[in-house]
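The values are calculated or read from the model by the stated rules, or taken from the named source; none is laboratory data. Model, not experiment: these values are computed from the prediction. Glycine also receives a Cβ, built like all others from the backbone with ideal geometry; neighbour counts cover every protein chain displayed. Only protein heavy atoms, including side chains, enter the accessible area calculation; ligands, DNA and RNA are left aside. Shrake-Rupley method; radii C 1.70, N 1.55, O 1.52, S 1.80 Å.
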Amino acid sequence: MARGVCRALSAEHDFACAEEVTLATGLRVDVMALGPKGEIWVVECKSCRADFVSDGKWQGYLDWADRFFWAVGPDFPTELLPERTGLILADAWGAEIVRMGPETRLAGARRKALTLRLARLAARRVQAARDPDAAARRGLA
């Protein structure tokens, strides 16, 4: 599902996406996307009702994004999701934004810190793909 979200955000909205991004709080978001104007979106993927009901940490993501979205499959009971959040219908191949998440602009210092975190994460992942032995020695693989 995350792959489909990343494909759609990249192709249709010109966002650069990273999966499994750990925040300074230790929480890990499924997808963090950086837009062409520096906007940051967080997408939490949920596969089923039990996955959503058991997740008590999602509100901790709200302070780390300009917009927050749920990504769910077409059979997910969307009435469970809070109305004041974004909604993306997705599968492994693509996604569509059904409801835009409300905008809550990040403070400049937090935006800068997140942008740097994303840039460093992306660079490390490229480096690890290019040189997996060195990444393994550094504990990155």
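Key figures for this structure:
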{"item": "Total formal charge among the other residues, if their Cβ is under 9 angstrom from that of residue 41, Lys/Arg +1 and Asp/Glu -1", "result": "-1"}
{"item": "Solvent-accessible area per residue, Å², over region 1-101 with all protein chains present [probe radius 1.4 Å]", "result": "49 Å²"}
{"item": "Rounded if a/c under 1.5, otherwise prolate or oblate - region 58-135, Cα gyration tensor axes", "result": "oblate"}
{"item": "Heavy-atom accessible area ranking, 1.4 Å probe, most first, across 1, 100, 32", "result": "100, 1, 32"}
{"item": "Cα-based reach from residue 46 at 13 Å (exclusive), listing aspartates and glutamates while leaving out same-chain residues under 8 positions away", "result": "30, 55, 75, 91"}
{"item": "Candidate lysines for bridging to residue 112, where Cα separation is under 18 Å - those fewer than 8 sequence places away on the same chain excluded", "result": "37"}
{"item": "Partnerless cysteines, meaning none of the other Cys C-beta atoms lie under 4.7 Å away, in the chain", "result": "45, 48"}
{"item": "Helix-derived mean residue ellipticity, 222 nm - over the chain, DSSP H n ≥ 4, -39500 (n - 2.57), to 500", "result": "-10000 deg cm²/dmol"}
{"item": "The chain, accessible surface, carbon-and-sulfur percent (1.4 angstrom probe)", "result": "51 percent"}
{"item": "Region 85-141 versus region 9-65: alpha-carbon centroid distance in Å", "result": "8 Å"}
